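Please read the structure below before turning to the comments.
The values are calculated or read from the model by the stated rules, or taken from the named source; none is laboratory data. Since the structure is predicted, the reported quantities are computational estimates derived from the model, not experimental observations. Glycine also receives a Cβ, built like all others from the backbone with ideal geometry; neighbour counts cover every protein chain displayed.
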Amino acid sequence: MSNNPRPARVELDDGGGRVLIEWVDGHRSVYEARELRINCGCAECVEEWSNRKLLDPATVAADIRAEDYLMVGRYAVQFLWSDTHYTGIYPFGVLRKLCRCGECGN
Ligand SMILES: [Zn+2]
Ligand SMILES: [Zn+2]
């Protein structure tokens, strides 16, 4: 696994219900939109000084979708979620760690 993973391609699948990322090292990750949304690390979702989770996963709709995404500089992806939560920025390394494929062993 690369120490400095970077997406070569980001794609919204299933109407945004799934996010596909193809990494520059050829690895492919598939994420459920809801799982990414629950793992949002913004100040609204995680208390900055304690790292305590403020977001209750039960409040995230089962059918949440990614409506769009933006590349943030060369380090992160920002998703625009269908619940209008737009503040979450997902650094590439965090996204790679959230990969649930067999190879990543999560
Ligand atoms: Zn958030
Ligand atoms: Zn993986």
Does Phe79 count as within 16 Å of ligand 2 (Cβ to nearest atom) and modelled with pLDDT of 95 or more? no
Within the stretch 42-62, the residues that are under 25 Å from Gly102 (Cβ atoms) and either touching a residue at least 24 places away in the same chain (Cβ under 8 Å) or within 16 Å of ligand 2 (Cβ to nearest atom) (or both) are Ala62
The strands (runs of 3 or more DSSP E) lying entirely within the chain that contain at least 1 residues which are among the charged types (D, E, K, R) and in contact with a strand residue (DSSP E or B) (Cβ under 9 Å, 6 or more places away or on another chain) are 7-13, 18-23, 28-32, 66-72
Within the stretch 46-68, restricting to residues that are crowded, with 17+ Cβ neighbours inside 10 Å and not β-branched (Val, Ile, Thr), the one that is nearest to Glu11 (Cα to Cα) is Ala66
Is it the case that some residue within the stretch 66-75 is under 15 Å from the mean Cα position of the chain (by Cα) and in contact (Cβ under 8 Å) with a residue 60 or more places away in the chain?
yes
Among (1) more than 16 Å from ligand 2 (Cβ to nearest atom); (2) more than 15 Å from Leu20 (Cα to Cα); (3) at pLDDT 95 or above; (4) of a type outside the set (Ser, Thr, Tyr), Asn39 falls short only on (1)
